[in-house]
Amino acid sequence: MDKIYDVAIIGAGPGGYVAAIRASQLGLSACVVEKDTPGGICLNWGCIPSKSLIHQASEFAALADMEKLGIRVDRSGFQYGRVQAKSRDAAKTLARGVAGLLKKNKVDVLSAVGSIAAVGKVALKGGALDGKIVHAKNIILATGSRPLELSGFVIDETMVLSSTGILAMVELPKELVILGAGAIGCEFAHVMNAFGVKVTLVEMAGHILPSEDFEVAQVVDAAFRKAGIDILVGTKAVSWKTRNGRSAVSIDKGGQKSELCCDKMLAAFGRVPNTQGIGLEMVGVRLNGRGYIETGDYGQTNIPGIFAIGDITTSPALAHVASREGEIAVEFIAGRTPRPSKVPPDLVPSAVYCEPQVAGFGLREDGDKVNNRNVKKSVFPYRGAGKSVATGKTEGLVKILADVDTGEILGAHVVGLNATELIHELLLAKSSEMVVEDIAAMIHAHPTLSEAVMEAARGINDSPIHL
């Protein structure tokens, strides 16, 4: 291929396609090399279809509220296959949208497997472009991640499912064991339970959602148990075997061994970076001890002209992080000096879309140490907000961790209805260097859930009104 691009991007997920579009906006010629449908795992087999399932599960569960009003609901015609088909439609619609945006921005989409052949060269494999070489002044690696497999639990998408496998499932199992109670595990626990599947969550850590604040996780734990989900924490899944067409999962809880029987298992142990087979060894791109690409400012690797973004780096494995890293990298390539030069970890929001929802950023009471800071926490329960009581959604709380001396927000965590939306008021305040008094003094509309944020901010100075 004769054309020399300003930037060639390997991978068209939320990091890659955003980087390509931003590059075009900045006047750079760009191409993306993608073996599958633009949008990556997140759009096609992750974030988007799973949120469609979660929405439909919540709608289905809400039928019980209609029955409390005396309305008879006939569920006999329910077909989970239609639920799954609707989730696929959502993914396909957005994938077409991404393809349209790339075309609109004059980004060349090369359907092939891409790998580094040399500095400034990307080798293409497969399809009509097999054997071709793309020449580019800069290369951005955005190849994402894949599900982690543990010994004894090889993902076959029949008995042991990945997140992709469970999204492709068109019939519900009667009993499901979920191995790993992180964001993916908890989201699917909510979905499957809402549709009547008997769910057991198995987690090695001391509480579910181990990456989230423990106080927030306790609220989800209580809600899950109330909904009939069995939860085993401090428990290790050892192995499994087939018995009478079903699975028998061996578990170990503090030395006490037992078995769980189920129809299917979801392996939600985590994810690993896709750094193999992309030509890193051809130019000497450096990896850390866990197989992630080491990057400095602007996503630069140790090799000039080669950048890495998203799940293949050590930054949080979140779609919104990958997107921002892609923008930072191409802005630097375009001659700008983006600030900050890398995504600040304490300004990255997490979001878990189970019911109740969970969101947070920054300091965790149980997970971080802050030297020489006078840290205080304020917790305001949802039940203290009029909107929560009016809607019957009183499960939840807003938690703020702040420096008492300066008012600086060090971390915030929300669990409850619309938590994934509410977190951004606190995050905006943090990123704008506002203090808790600024939120406390701002007039919030009544009745709204956001009043719980205001009251939590007031609590840092011991002045909440409704508690």
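No value in this document is a laboratory result; all are computed from the given coordinates. Note that the structure is a prediction, hence the values are computed from the model and not measured. Cβ sites come from the backbone with ideal geometry, for glycine too, and all protein chains shown count toward neighbours.
With 27 Å as the limit on Cα-Cα distance, the pairs of Lys92/Lys137; Lys198/Lys236; Lys92/Lys430; Lys68/Lys264 that go past it are Lys92/Lys137; Lys92/Lys430; Lys68/Lys264.
Gyration tensor analysis over the Cα atoms of region 1-51 returns equivalent ellipsoid semi-axes of 24, 12, 5 Å (largest first, whole Å). Placing a label point 7 Å from the Cα of Val154 along the Cα-to-Cβ direction, the residues of region 214-244 whose backbone N falls under 20 Å of that point are 237-244.
Close amide H pairs (under 5 Å, H built 1.01 Å from N) link Leu266 with Leu161, Val177, Ile178, Leu179, residues at least 5 positions away or on another chain. On the beta carbon distance between Ile303 and His55, with R0 = 41 Å, the FRET formula returns roughly 0.40. The string of couplings for region 230-240 from the Karplus curve (6.51, -1.76, 1.60, θ = phi - 60°) is 7, 10, 10, 9, x, 10, 10, 7, 9, 6, 8 Hz, one whole number per residue in order, with x for Gly and Pro. For region 403-467, what does the alpha-carbon gyration tensor say about shape, rounded, prolate or oblate, given a ≥ b ≥ c as the root eigenvalues, a/c under 1.5 as rounded, and a/b over b/c as prolate? The shape class here is oblate. Shown is the FRET efficiency for Ile71 and Glu421, computed with R0 = 41 Å from the Cβ-Cβ distance and rounded to the nearest 0.05: 0.90.
Amide H to amide H, with H built 1.01 Å from N, Asn302 comes under 5 Å of Arg286, counting only residues 5 or more places away or on other chains. Pairwise Cα distances in region 356-459 exceed 21 Å in 27 percent of cases.
When each of the peptides 389-398, 10-19, 55-64 is scored by the mean number of other C-beta atoms lying within 10 Å of its residues, the order from highest to lowest reads 10-19, 389-398, 55-64. Between Lys125 and Glu281, the simple spin-label model (points 7 angstrom out along Cα→Cβ) gives 1.2 nm.
Among Thr158, Thr275, the ranking by other beta carbons within 10 Å of each residue's beta carbon, starting with the fewest, stands as Thr158, Thr275. What the pair-distance distribution of region 160-269 shows, using all Cα-Cα distances binned every 10 Å from zero, is 15, 50, 31, 4, 0 percent. Figure legend: label point modelled 7 angstrom from the Cα of Ala64 along Cα→Cβ; residues of region 168-204 with amide N under 14 Å from it are 190-199.
By definition, a body whose alpha carbon gyration tensor gives a ≥ b ≥ c is oblate when a/c is 1.5 or more and a/b is not larger than b/c, and region 83-170 fits this oblate description.
For region 1-37, applying the loop criterion from DSSP together with a ceiling of 13 other beta carbons within 10 Å to the trypsin sites (Lys or Arg not before Pro) yields Lys3. Remark on region 312-407: Rg and Dmax equal 17.8, 53 Å (Cα only). A cut-off under 15 angstrom between Cβ atoms defines the neighbours of Ala61, and their net charge, with Lys, Arg +1 and Asp, Glu -1, is -2. Measuring between their Cα centroids, region 160-214 and region 253-281 lie 13 Å from each other. Residue separation of Lys236 and Thr406 scaled by 0.36 nm, minus their Cα-Cα distance, works out to 56.9 nm of gained length.
Note down the net charge around Gly277, summing +1 for each Lys or Arg and -1 for each Asp or Glu among other residues with Cβ under 14 Å from its Cβ. Around Gly277, the surrounding residues sum to +2.
A crude spin-label estimate for the pair Glu433 and Ala205, with each label 7 Å from Cα along the Cβ direction, gives 3.3 nm. Charged neighbours of Ile48, selected by a Cβ distance under 13 Å, balance to +3 (K, R count +1; D, E count -1).
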